[in-house]
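First comes the structure, then the notes that go with it.
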Amino acid sequence: MAGARFVSELRSRDPGVPVTVFGAETQRPYNRVLLSNVLAGMTRPDHISLVDAAWYASHGVDARLGVEVVRVDREARAVHASDGTVTRYGTLVLATGSTAFVPPMPGLEDGLPGGALVFRTLDDCRRISELAESAKSAVVVGGGLLGIEAARGLMGRGLEVTVLHLAGHLMERQLDPAAGKVLARTLASLGIGTRVQANVAGLRTTGTGDDRTVTGVELALPDGGREILDTDLVILSCGVRPEVSLARDAGLAIGRAVVVDDELRSVTDPSVRAIGECSEHRDEVYGLVAPAWEQATVLAGLLAGTDPAARFTGARQITRLKAAGIELASMGETHFGDDDDGVEVVRFSDMARGTYKKAVIRDGRLIGAILLGETSAAGTLTQLYDRASPLPSERLDLLFPGLGGAPEAASPVRMPDAATVCNCNNVSKGQIRACWQDGARTADEVSRRTRAGTGCGSCRDALEGIVSWLDEQESVDA
Ligand SMILES: Cc1cc2nc3c(=O)[nH]c(=O)nc-3n(C[C@H](O)[C@H](O)[C@H](O)COP(=O)(O)OP(=O)(O)OC[C@H]3O[C@@H](n4cnc5c(N)ncnc54)[C@H](O)[C@@H]3O)c2cc1C
């Protein structure tokens, strides 16, 4: 996703510079974020492409899809590819993303047995969908964002689904324990079982060699015993690892990923840049698309020479779950509690209705928030968090806009112009309004021009709400 955005941004700034793109996957770049919707049957695989079929040819980009780069020769400034070609470069941009982590455990020593899959690519998604047709049940190992989205998708396909999670609560990186509990209850109400502190010791399989297939998951119990969960489909969702093998073999500095400076340059070799999940910037490795796309834009401005002062200085991380029937947004530092010094915590919990809201404030600024079950305040909270803006004195308004007496700001229509509507592409309400005033009269047209709604898609309703409100205003004024 970072590479595709970079190429399109570079071309829009510089129509002439020779560009070659290598992509190990055979299909054109696609919106990986929407794979969960594809698995859930809500979006067709052919609708998530990021690049039109004719785009590369019409823009003079040499695209080698289905061709993997196998070696980088920094001395000769050339890449060696799986098709035997050697291509010289002036600048090499690494956007190799991540690969799904497969934990070393019994049953997985010789690779993934039949019926056990990771969930990272469109091919994974297709295989999971095929197997889901005949499977009776599924076990998802890992209760992070992706594991839960996969579980929701499989449940929607009629499977009995259980999520096994090693930590004490679900999505522990984004949620506090109380929110994790509410989420588990919400999942239960949808028919998805969850078990936390579940220590998966291995996979049970039958058959030998290439015919090995999964029959169950083995859990190590606290008393030293074992429990077997029978299942014919296992999704391993145990996190990702930046794909840095090329960079490592080429002798570039690697921390958790390729270490880069604010110009996305490898600290070892300035002719190599790294963006997206394979890059490490100021000790941070991002796992979300918004920072990847921001890096792509910064780099395009630098390499085209149109914005030589552009720098990537870091990005805030805002996570939204895309699973039918579960509204969830989380940002920043959410783990503080009432006993922590120097922070103010505002919280509302209604376990029975699956609602949990929390705002964490330090020095009058929002440093973290969770909205679960009801996310209408997400746009405003995102803006307050993203810009570290001063907060309303009535804290209740943060979680329940309008309730504390301040004018309601949560509805997209009443949001201030500075509020971020599309977080993936960093598009504000003001930019949408300006685009509409510039003649874009449908949500699709605004989306095409501003890119709002083209990432995870969770702002699509807000975008449509704003556009139809602007249309209404116009007819009232007329
Ligand atoms: C199911 C799912 C749901 C997600 N949901 C969200 C979400 O809601 N919000 C969000 O912000 N993020 C989400 N993400 C994460 C998001 O997709 C990533 O952050 C984003 O794709 C990162 O972009 P990237 O370009 O760094 O990596 P990728 O999109 O993974 O692209 C890297 C590409 O490089 C190719 N490659 C690797 N090595 C080579 C080589 N040697 N030669 C040639 N090609 C190579 C790979 O095959 C791959 O196609 C989700 C991810 C998944 C899997």
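For the stretch 26-38, what are the residues that are β-branched (Val, Ile, Thr), buried (at least 17 other Cβ atoms within 10 Å of the Cβ) and either over 13 Å from the mean Cα position of the chain (by Cα) or not assigned by TED's automatic domain parsing to the domain that holds residue 82 (or both)? Outline the logic, then answer.
Start the filter on the stretch 26-38 by keeping residues that are β-branched (Val, Ile, Thr), which leaves 26, 33, 38.
Filter once more, keeping what is buried (at least 17 other Cβ atoms within 10 Å of the Cβ): 33, 38.
Hit for the stretch 26-38 is 38, nothing else.
Residue by residue, here is whether (1) over 15 Å from residue 314 (Cβ atoms); (2) of a type in the set (A, V, I, L, M, F, W, C); (3) more than 11 Å from the ligand (Cβ to nearest atom); (4) in a strand (DSSP E or B) holds:
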residue	(1), (2), (3), (4)
248	yes, no, yes, no
252	yes, yes, yes, no
256	yes, no, yes, no
259	no, yes, yes, yes
262	no, no, yes, no
269	yes, no, yes, no
273	yes, no, yes, yes
280	no, no, yes, yes
286	no, no, no, no
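Give the residue that is most open to solvent (accessible area, probe 1.4 Å), with candidates limited to residues of the stretch 187-206 that are in contact (Cβ under 8 Å) with a residue 24 or more places away in the chain and not in a strand (DSSP E or B).
Filtering the stretch 187-206 for residues in contact (Cβ under 8 Å) with a residue 24 or more places away in the chain gives 187, 189-205.
Those left that are additionally not in a strand (DSSP E or B): 187, 189-191, 196-198.
On the way: 187: 2, 189: 96, 190: 47, 191: 49, 196: 62, 197: 142, 198: 9 Å².
Among residues in the stretch 187-206 that are in contact (Cβ under 8 Å) with a residue 24 or more places away in the chain and not in a strand (DSSP E or B), the one most open to solvent (accessible area, probe 1.4 Å) is 197.
Restricting attention to the stretch 120-132, does a residue exist that is within 21 Å of residue 70 (Cβ to Cβ) and open to solvent by less than 60 Å² (accessible area, probe 1.4 Å)?
Going residue by residue through the stretch 120-132, those that are within 21 Å of residue 70 (Cβ to Cβ) are 120-121, 123.
From what's left, open to solvent by less than 60 Å² (accessible area, probe 1.4 Å): 120-121.
Within the stretch 120-132, one or more residues are within 21 Å of residue 70 (Cβ to Cβ) and open to solvent by less than 60 Å² (accessible area, probe 1.4 Å).
Quick one: in the stretch 337-363, of everything that is assigned to a loop (DSSP other than H, G, I, E, B) and open to solvent by 50 Å² or more (accessible area, probe 1.4 Å), which residue is nearest to residue 395 (Cα to Cα)?
Result: 363.
Residues 13, 5: which one is in contact (Cβ under 8 Å) with a residue 12 or more places away in the chain, away from the ligand (no atom under 14 Å from the Cβ) and more than 26 Å from residue 131 (Cα to Cα)? Reasoning before the result, please.
Working: 5 fails: away from the ligand (no atom under 14 Å from the Cβ).
Within the list 13, 5, the selection yields 13.
Can you confirm whether residue 182 is β-branched (Val, Ile, Thr), crowded, with 16+ Cβ neighbours inside 10 Å and farther than 21 Å from residue 353 by Cα? Steps first, answer last, please.
Working: β-branched (Val, Ile, Thr): yes; crowded, with 16+ Cβ neighbours inside 10 Å: yes; farther than 21 Å from residue 353 by Cα: no.
When the stated conditions are applied, residue 182 does not pass them.
Considering each residue of the stretch 1-25, count those that are within 14 Å of residue 293 (Cα to Cα), open to solvent by less than 30 Å² (accessible area, probe 1.4 Å) and either of a type outside the set (Lys, Arg) or in contact with a Lys or Arg (Cβ under 7 Å, 6 or more places away or on another chain) (or both), and give that number. Full working, then the answer.
Looking only at the stretch 1-25, we keep the residues that are within 14 Å of residue 293 (Cα to Cα), and these are 1-10.
Those left that are additionally open to solvent by less than 30 Å² (accessible area, probe 1.4 Å): 2-7, 9-10.
Then keep just the ones that are either of a type outside the set (Lys, Arg) or in contact with a Lys or Arg (Cβ under 7 Å, 6 or more places away or on another chain) (or both); that gives 2-4, 6-7, 9-10.
Residues in the stretch 1-25 being within 14 Å of residue 293 (Cα to Cα), open to solvent by less than 30 Å² (accessible area, probe 1.4 Å) and either of a type outside the set (Lys, Arg) or in contact with a Lys or Arg (Cβ under 7 Å, 6 or more places away or on another chain) (or both): 7 in total.
Considering only residues that are touching a Ser or Thr at 6+ places or on another chain (Cβ under 8 Å), under 21 Å from residue 15 (Cα atoms) and not in a strand (DSSP E or B), which ones fall in the stretch 60-94?
89, 90, 91
Here is a list of conditions, (1) free of Cβ contacts under 8 Å to residues at least 40 places away in the same chain; (2) surrounded by 13 or more Cβ atoms within 10 Å (Cβ to Cβ), and residue 57 meets all of them except one; can you say which number that is?
It is condition (2) that residue 57 fails.
Run down 297, 355 and say which single residue is of a type outside the set (A, V, I, L, M, F, W, C) and more than 30 Å from residue 93 (Cβ to Cβ). Give the steps one after another, and end with the answer.
Working: 297 fails: more than 30 Å from residue 93 (Cβ to Cβ).
That would be 355, the only listed residue that is of a type outside the set (A, V, I, L, M, F, W, C) and more than 30 Å from residue 93 (Cβ to Cβ).
Is it fair to say residue 382 is open to solvent by less than 20 Å² (accessible area, probe 1.4 Å) and either within 16 Å of the ligand (Cβ to nearest atom) or touching a residue at least 40 places away in the same chain (Cβ under 8 Å) (or both)? Let's see the steps before the verdict.
Values: open to solvent by less than 20 Å² (accessible area, probe 1.4 Å): yes; either within 16 Å of the ligand (Cβ to nearest atom) or touching a residue at least 40 places away in the same chain (Cβ under 8 Å) (or both): yes.
Criteria met by residue 382.
Among the residues of the stretch 446-464, what is the count of those that are loosely packed, with under 15 Cβ neighbours inside 10 Å and more than 18 Å from residue 329 (Cα to Cα)?
Step one: filter the stretch 446-464 for residues loosely packed, with under 15 Cβ neighbours inside 10 Å, giving 448, 461.
Now restrict to residues that are more than 18 Å from residue 329 (Cα to Cα): 448.
Of the residues in that region, 1 qualify.
Take the conditions more than 25 Å from residue 263 (Cα to Cα), of a type outside the set (Gly, Ala, Ser) and assigned to a loop (DSSP other than H, G, I, E, B) and apply them to residue 307. Does it pass?
Numbers: more than 25 Å from residue 263 (Cα to Cα): no; of a type outside the set (Gly, Ala, Ser): yes; assigned to a loop (DSSP other than H, G, I, E, B): yes.
Criteria not met by residue 307.
Just to be sure, is residue 253 within 15 Å of residue 96 (Cβ to Cβ) and either open to solvent by 40 Å² or more (accessible area, probe 1.4 Å) or hydrophobic (A, V, I, L, M, F, W, C) (or both)?
Numbers: within 15 Å of residue 96 (Cβ to Cβ): no; either open to solvent by 40 Å² or more (accessible area, probe 1.4 Å) or hydrophobic (A, V, I, L, M, F, W, C) (or both): yes.
Judged against the criteria, residue 253 is not a match.
Considering only the stretch 30-49, state which residues are of a type outside the set (D, E, K, R) and near the ligand (Cβ under 7 Å from one of its atoms). Give the derivation first.
Keep residues of the stretch 30-49 that are of a type outside the set (D, E, K, R), which gives 30-31, 33-43, 45, 47-49.
Selection gives 33, 35, 36.
From the list 114, 41, 107, which one is open to solvent by 50 Å² or more (accessible area, probe 1.4 Å) and either of a type in the set (Gly, Ala, Ser) or touching a residue at least 60 places away in the same chain (Cβ under 8 Å) (or both)?
Values: 114 fails: open to solvent by 50 Å² or more (accessible area, probe 1.4 Å); 107 fails: open to solvent by 50 Å² or more (accessible area, probe 1.4 Å).
After applying the criteria, what remains is 41.
Among (1) closer than 19 Å to residue 131 by Cβ; (2) within 29 Å of the chain's Cα centre (by Cα), there is one condition residue 206 misses while meeting the rest; what is its number?
All conditions are met except number (2).
Can you run down the residue pairs with Cβ atoms below 6 Å, 6 or more apart or on separate chains, where the first is in the stretch 222-250 and over 30 Å from residue 276 (Cα atoms) and the partner is at pLDDT 95 or above and assigned to a helix (DSSP H, G or I)?
Taking only residues 6 or more apart or on different chains, the pairs are 233/131.
The values are calculated or read from the model by the stated rules, or taken from the named source; none is laboratory data. Model, not experiment: these values are computed from the prediction. Cβ sites come from the backbone with ideal geometry, for glycine too, and all protein chains shown count toward neighbours. Each accessible area value is taken on the protein alone, full model and side chains, heavy atoms only, with ligands, DNA and RNA left out. Shrake-Rupley method; radii C 1.70, N 1.55, O 1.52, S 1.80 Å.
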